[in-house]
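Below is one structure, written out as C-alpha cells; comments come after it.
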Amino acid sequence: MLNAPHESKPSVVRKRNRPRKYSSEPLAPEIDESELGPCMLALTPKQRRFVLELRYGPAGYGSEIRACRAAGYGTPTSSDNSMKVQAHRVLHDPKVQNALREVGHKIIRAEAFQSIKTTTAIARDIKHRDCLKANLALLDRGGFATETVHHVQVDHQHRHAIEATPKVLERIRQLALAAGLNPAALPPTIDGEVVSKDDNAA
Amino acid sequence: MQPDEALITDLAPGYKYDLVIASVIKREIITEKMTAGDRLELLEALGKAVDRRFTSEAMSLIEPADATSLAMVREAWKLDSEDAHPSFELLTSEEVFGNLCALNPSLLAAIRVQRHR
C-alpha cells in the first residue's frame with residue numbers, strides 16, 4: 001500500500017488578521033541593579049524585566065501582553081490568549097505588585113518637579129483659565145495656606161476610685177467586724193491629701 | 001484516720017482554697033498599710049466568699065495567716081502562669097493544707113463550723 005503523500009502544512013492563519021497594536025520588542029533600557037529598590041531586587045530577572053517593560057512601554061489595552069512578551073515569557077508562537085493568562089499570573093504575583101508600587105512611587109517623586117514647573121508656568125500666565133487655581137496651589141504649598149484656629153479644651157481630673165470618706169470608713173469598720181477583725185487594731189490608711197503648689201509655698 | 005484528717009479529706013478543694021486565701025487576706029489587712037479603697041476591696045472580697053456552707057461565722061473564726069503560712073502561699077503562687085495555676089492543687093493537697101491547718105488551727109475550727117451546718 002502506498003502511503004498517501006504528505007500534504008504540506010497550511011501556514012498558521014490568525015483568526016483575526018488584525019496587526020498587533022504594540023511591537024513585542026523590548027523597550028526598557030538596561031538598568032544597573034544598584035539603582036533598583038528592595039522590591040525590584042526580590043524579583044526574578046524575568047519578573048524584573050516585565051515590570052520595567054510596563055514602566056517604559058506604552059500604556060493601554062494590550063500593554064501587559066506586550067510587556068510579557070518583551071520580558072521573555074511564552075514563545076514567539078504563543079497566542080495572545082495564552083500570553084493574556086501569563087500576563088495575568090505575573091501581574092497578580094504579590095512580589096510583582098510590590099515592585100510595581102515601588103517603581104510607581106519613584107516615578108511620582110521624579111515627576112513632581114516637572115509638575116511644579118508646569119504649575120508655575122500656568123500661574124504666571126494671567127490669561128490661562130487655571131491661573132488662579134495654580135496660584136492658590138502654589139500659595140498653599142509655599143506656606144501661605146489659609147490659617148485656621150482650633151480651640152481644644154481638655155478637662156482632666158484624676159481621682160482615686162474610692163476616697164476615705166466617713167461613709168467608706170464606716171463600711172470598712174462593719175466589714176472588718178463581720179470578718180472577725182478588730183477595726184481599732186487595723187493600721188492607718190495611707191490616703192493622701194492634695195495640696196496645691198501655691199498653698200505649699202504659703 | 002484521725003478526725004481532723006477526715007475533716008480535711010471530706011472538704012471540697014474550692015473551700016480549702018477559700019479558707020487559705022481568707023487567712024492570707026486577713027494577714028494583709030492587719031499588717032499592710034494601704035489606702036481606704038484597697039482595704040475596702042479586700043474586706044469586700046472576704047464578704048463575697050461567704051455562702052451557705054462557708055458562713056460568716058466560719059469566716060469570723062479564721063485567724064490571719066502567720067509568717068510561715070504566708071511564705072508557703074507566696075511560694076506556691078510563684079508556680080502560677082497565665083495558662084496554668086498549679087498553686088491551687090498544691091495548696092489544697094492534703095499534705096500542704098494539713099500543714100497550713102497545723103500552723104493556723106483556726107482553719108480547722110472554721111471547717112468544723114461548716115460541717116455542723
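See the values below:
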| read-out | value |
| --- | --- |
| Test: B:F97 is part of a helix (DSSP H, G or I) and surrounded by 15 or more Cβ atoms within 10 Å (Cβ to Cβ) | yes |
| Hits in region B:100-111 (condition: surrounded by 14 or more Cβ atoms within 10 Å (Cβ to Cβ) and in a helix (DSSP H, G or I)) | B:L100, B:C101, B:L103, B:S106, B:L107, B:L108, B:A109, B:A110, B:I111 |
| Given (1) more than 21 Å from the chain's Cα centre (by Cα); (2) within 30 Å of A:A145 (Cβ to Cβ); (3) surrounded by fewer than 14 Cβ atoms within 10 Å (Cβ to Cβ), index of the condition A:P29 fails | (2) |
| Unmet requirement for B:L70, which otherwise passes all of (1) within 14 Å of another protein chain (Cβ to nearest Cβ); (2) closer than 24 Å to A:I172 by Cα; (3) in contact (Cβ under 8 Å) with a residue 12 or more places away in the chain | (1) |
| Filtered residues of region B:1-34 (kept if closer than 19 Å to A:A178 by Cβ and not in a helix (DSSP H, G or I)) | B:M34 |
| Residue tally, condition more than 9 Å from chain A (Cβ to nearest Cβ), crowded, with 20+ Cβ neighbours inside 10 Å and of a type in the set (D, E, K, R), over region B:1-30 | 2 |
| Leading residue by the ranking (surrounded by the fewest Cβ atoms within 10 Å (Cβ to Cβ)) among those in region B:59-89 that are farther than 24 Å from B:E32 by Cβ and touching a helix residue (DSSP H, G or I) at 6+ places or on another chain (Cβ under 9 Å) | B:P86 |
| Test: B:R52 is over 14 Å from the mean Cα position of the chain (by Cα), part of a loop (DSSP other than H, G, I, E, B) and among the basic types (K, R) | yes |
| Selection from region B:31-62 of residues that are within 8 Å of chain A (Cβ to nearest Cβ) and closer than 22 Å to B:A76 by Cα | B:T31, B:E32, B:L46, B:I62 |
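Bear in mind these aren't lab numbers, they're just calculated from the coordinates by the rules spelled out. Since we're looking at a predicted model, the values are computed, not measured. We place every Cβ from the backbone using ideal geometry, glycine too, and count neighbours over all the protein chains shown.
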